[in-house]
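The values are calculated or read from the model by the stated rules, or taken from the named source; none is laboratory data. Just so it is clear, the model here is predicted, and its values are computed rather than measured. So basically every Cβ, Gly included, is an ideal-geometry build from the backbone, and we count neighbours across all protein chains shown. Each accessible area value is taken on the protein alone, full model and side chains, heavy atoms only, with ligands, DNA and RNA left out. Shrake-Rupley method; radii C 1.70, N 1.55, O 1.52, S 1.80 Å.
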2 protein chains.
Amino acid sequence: MPPARADHDARREDVSAAVWRVLAEHGFPGLTLRAVAAALGASTGLVTHYFAGKRELVAHALDILEIRTAQRTRLAAPAPGLPALRTHIRNILPLTPDGLAMNRIWVSSWDVALADLDLFAAQTRRYERIRTALRESIVEAYRRGELPPGDPDEVAATALAFTHGLVVQALFDPDRFPADRQTRLADDFLARLAQPIG
Amino acid sequence: MPPARADHDARREDVSAAVWRVLAEHGFPGLTLRAVAAALGASTGLVTHYFAGKRELVAHALDILEIRTAQRTRLAAPAPGLPALRTHIRNILPLTPDGLAMNRIWVSSWDVALADLDLFAAQTRRYERIRTALRESIVEAYRRGELPPGDPDEVAATALAFTHGLVVQALFDPDRFPADRQTRLADDFLARLAQPIG
């Protein structure tokens with residue numbers, strides 16, 4: 001007899017929690033059906049009831065990663081426009097142990113996503129969504145006269161490029177890139193954006 | 001009887017070439033002793049003569065990747081200072097199919113390097129070397145009055161952040177980030193660096 005709907009949903013949440021624990025501890029290379037089963041104290045057979053294989057497991061892990069990223073404690077923007085753009089950048093950077101752990105998993109996910117067409121397409125859409133969010137703050141900053149006139153798509157792409165690249169440097173060199181230096185670099189970057197180009 | 005030194009060195013080059021072929025085709029997830037043996041038309045036993053295990057194989061692949069990156073066809077800087085900084089950035093970006101393939105492997109390597117202490121340390125040193133090279137052009141640009149006075153370490157870190165982050169966006173969205181847009185974004189970024197901060 002199949003489990004009742006409510007039981008099934010509750011069990012699904014347990015499975016998701018187990019996927020997250022394995023991912024946080026071992027990264028994508030260690031994310032296997034067997035490891036999730038072990039974290040759940042269940043059989044691999046039960047896990048295959050939820051994921052047909054490694055690919056489905058990885059896709060689910062990326063979804064959880066996005067949800068957890070959206071749900072984590074974030075700084076609130078003090079005002080729309082340029083302050084909101086600054087807050088968005090700071091919320092991406094690994095300024096806290098939690099942010100560092102999350103970013104390690106994100107950077108690890110790039111390898112996985114580059115190797116699979118569907119995951120690749122999902123990642124493409126994710127970055128387009130982030131650029132769209134940055135773009136809204138940039139357009140508002142134009143309206144408020146906080147940024148000189150320009151192409152918001154280009155400025156959004158530049159801001160995300162700077163932010164992701166700083167994430168990579170900070171991950172590989174936490175001693176040279178403590179939180180206060182990352183924040184200063186981001187503030188200097190924004191100060192340059194606010195200057196008109198000659 | 002062990003092979004003569006010259007034979008051993010020639011064989012080592014064959015092995016390196018096979019490691020590179022596997023890496024270029026399958027990325028780090030597909031880089032195994034067995035795959036290298038197959039690419040070489042040899043036994044796995046022969047390959048273990050060169051690499052004790054997967055870890056040594058991956059470390060060697062990262063070394064080859066750095067050498068191939070250094071040896072690939074690059075733009076020559078038209079002048080020291082700001083033009084050299086521009087050339088350095090363009091030489092990192094995926095502006096050609098060759099540059100795209102190389103960058104895919106580099107981004108894939110971040111996952112591998114984050115999971116291993118020695119590889120992590122090697123990656124930390126690589127980025128410090130790149131920042132040092134950028135810094136030299138920045139200091140020369142100060143000397144020539146091409147950049148306003150500033151902290152060359154901060155500008156080098158910002159330039160590398162922008163460049164690596166643009167690599168990631170271009171890899172995941174080649175249609176939205178063709179070579180001419182990447183070049184324009186880099187030129188705008190450099191134009192902002194050249195403006196004094198108010």
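Using helices alone, what [θ] at 222 nm do you get for the protein assembly as shown, with -39,500 (n - 2.57) per DSSP H run of 4 or more residues, divided over all residues and rounded to the nearest 500?
Result for the protein assembly as shown: -24500 deg cm²/dmol, rounded to the nearest 500.
The string of couplings for the stretch A:139-153 from the Karplus curve (6.51, -1.76, 1.60, θ = phi - 60°) is 5, 5, 5, 4, 4, 8, x, 8, 10, x, x, x, 9, x, 5 Hz, one whole number per residue in order, with x for Gly and Pro.
What separates the Cα centres of the stretch A:136-198 and the stretch B:43-115 is a distance of 27 Å. Taking the Cα atoms only, what angle lies between the long axis of helix A:54-71 and the longest principal axis of chain A, rounded to 10 degrees? Value to nearest ten degrees: 50. Chains B and A together bury some 4200 Å² of accessible area, summed over both sides, with a 1.4 Å probe. Percent of accessible area on chain B owned by carbon and sulfur, 1.4 Å probe? Looking at chain B in its full context, I get 55 percent from C and S.
Only Cα sites of the stretch B:82-137 enter the Debye sum here, all with the same form factor; the resulting log10 I(q)/I(0) across q = 0.17, 0.23 1/Å is -0.67, -0.98, listed in q order.
Working note: Karplus 6.51/-1.76/1.60 with θ = phi - 60° gives the stretch B:90-96 the couplings 5, 6, 7, 5, x, 8, 10 Hz, where Gly and Pro are set to x.
In chain A, Cα pairs under 8 Å separated by at least six residues give a relative contact order of 20 percent. The residues packed around residue A:99, meaning those with a beta-carbon under 11 Å from its beta-carbon, carry a net charge of +3 if Lys and Arg are +1 and Asp and Glu are -1. Computed about its Cα centre, the charge dipole of the stretch A:1-104 is approximately 280 debye, with only Lys, Arg, Asp and Glu carrying charge at their Cβ. Dipole check for chain B: with +1 at the C-beta of Lys and Arg, -1 at the C-beta of Asp and Glu, and the Cα centre as origin, the magnitude is about 180 Debye.
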